[in-house]
Amino acid sequence: MFSTFANPHRFMALSKWLLPVFAGLGIVMLATGWVWAIFFVPEEQYQGATARIMYIHVPAAMVSMAAYATMAVGSLLYLTLKHTLADVAAKAAAPTAAALSFICLITGALWGRPTWGTYWVWDARLTSMLFQLFLILGYMALRSAFQREQDAARAGAILCLVGAVNLPIIKFSVDWWNTLHQPAGFITMSGSSLAGEFFWPLLYNLFAVMFVFGALLMGAMRADIQNRQYEAKLARLNRSGS
């Protein structure tokens, strides 16, 4: 079954119509979600309007981790099953994962200044998220250091899987250590600690960012597949010409 869906030709056919759907939903939901959060959600009791940053910060943080998990799963499948499409997915997810990690850190700093009195503290959650950003940038740099795509894929996959140990640290750092960062409250095993007027627009914005990530992922994958197909045809022409 996996081999069937991992076929690049089937992926190109499926993503051709799925990509605009995800892109359209993501753009519309982001626009309406931010209008909802800015103009219709009441101010938080203690932080006031500053708490509205969470409608960007929380989705960026959660989807950045999901994007890195996509990279890790793709890397694992590539190393074990040698499916090229898995490597394509891992490679394609990296730029968006880096961008979302950066947005998470910047919005966290803007939120932290009025809340904590400083833009940055070496808190376990903040430090592990910064480490995730460095891991993704290192992954991208490592891949670009190799000329052969197979060597780049293998080296990147190993680094990505080693760095995946950071994901549970980001998630559970606020539970494992006494950190300045507030504990999880949006989605927990016992439910959400947020009132409905805060929870639903936050969930809506989370899905909006997920759709945007899906669209960017498919777009990057399609571009990479087309580039690989072009290089393969060019290599065949060069061999036949010689």
Check whether at least one residue in the range 62-72 is without any contact (Cβ under 8 Å) to a residue 60 or more places away in the chain and either closer than 20 Å to Arg222 by Cβ or in a helix (DSSP H, G or I) (or both), and report yes or no. no
Give the residue, chosen from Leu167, Leu133, that is surrounded by fewer than 18 Cβ atoms within 10 Å (Cβ to Cβ), among the hydrophobic types (A, V, I, L, M, F, W, C) and on the phi < 0 side of the Ramachandran plot. Leu167
Determine, yes or no, whether Leu137 is modelled with pLDDT of 95 or more, farther than 22 Å from Met210 by Cβ, under 15 Å from the mean Cα position of the chain (by Cα) and part of a helix (DSSP H, G or I). yes
Regarding the range 40-52, can at least one residue be identified that is of a type in the set (Gly, Ala, Ser), in a helix (DSSP H, G or I) and at pLDDT 95 or above? no
What is the one condition in (1) open to solvent by 30 Å² or more (accessible area, probe 1.4 Å); (2) of a type in the set (Ser, Thr, Tyr); (3) modelled with pLDDT of 95 or more that Thr96 does not satisfy? (1)
Of the residues in the range 67-82 that are at negative phi and surrounded by fewer than 18 Cβ atoms within 10 Å (Cβ to Cβ), the one that is modelled with the lowest pLDDT is Leu81
Residue in the range 6-15 that is least open to solvent (accessible area, probe 1.4 Å), counting only those that are in contact (Cβ under 8 Å) with a residue 60 or more places away in the chain and in a helix (DSSP H, G or I): Ser15
When the range 100-121 is examined, which residues are found to be open to solvent by less than 50 Å² (accessible area, probe 1.4 Å), out of contact with any Leu (no Cβ under 7 Å at 6 or more places or on another chain) and modelled with pLDDT of 90 or more? Leu100, Cys104, Thr107, Ala109
Given (1) at pLDDT 95 or above; (2) small (Gly, Ala, Ser); (3) crowded, with 18+ Cβ neighbours inside 10 Å; (4) farther than 21 Å from Gly33 by Cα, index of the condition Ser173 fails: (1)
Note down all Cβ pairs under 8 Å where the first residue falls in the range 30-48 and is under 14 Å from Phe199 (Cβ atoms), the second is of a type in the set (A, V, I, L, M, F, W, C) and open to solvent by less than 60 Å² (accessible area, probe 1.4 Å), and they're at least six residues apart or on different chains. Gly33/Ala208; Ala37/Leu202; Val41/Phe198; Glu44/Ala51; Glu44/Phe198
Answer with yes or no whether Arg143 is open to solvent by less than 50 Å² (accessible area, probe 1.4 Å) and of a type in the set (Lys, Arg). yes
Please verify whether the range 188-202 includes one or more residues that are buried (at least 17 other Cβ atoms within 10 Å of the Cβ) and either modelled with pLDDT of 95 or more or out of contact with any Phe, Trp or Tyr (no Cβ under 7 Å at 6 or more places or on another chain) (or both). yes
Residue count, the range 16-55, condition farther than 26 Å from Trp116 by Cα and open to solvent by less than 80 Å² (accessible area, probe 1.4 Å), comes to 15
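The values are calculated or read from the model by the stated rules, or taken from the named source; none is laboratory data. Source: prediction; values computed, not measured. For neighbour counting, all protein chains shown are included, and Cβ atoms are generated from backbone atoms with ideal geometry for every residue, glycine included. Heavy atoms of the whole protein, side chains included, go into the accessibility calculation; ligands, DNA and RNA do not. Shrake-Rupley method; radii C 1.70, N 1.55, O 1.52, S 1.80 Å.
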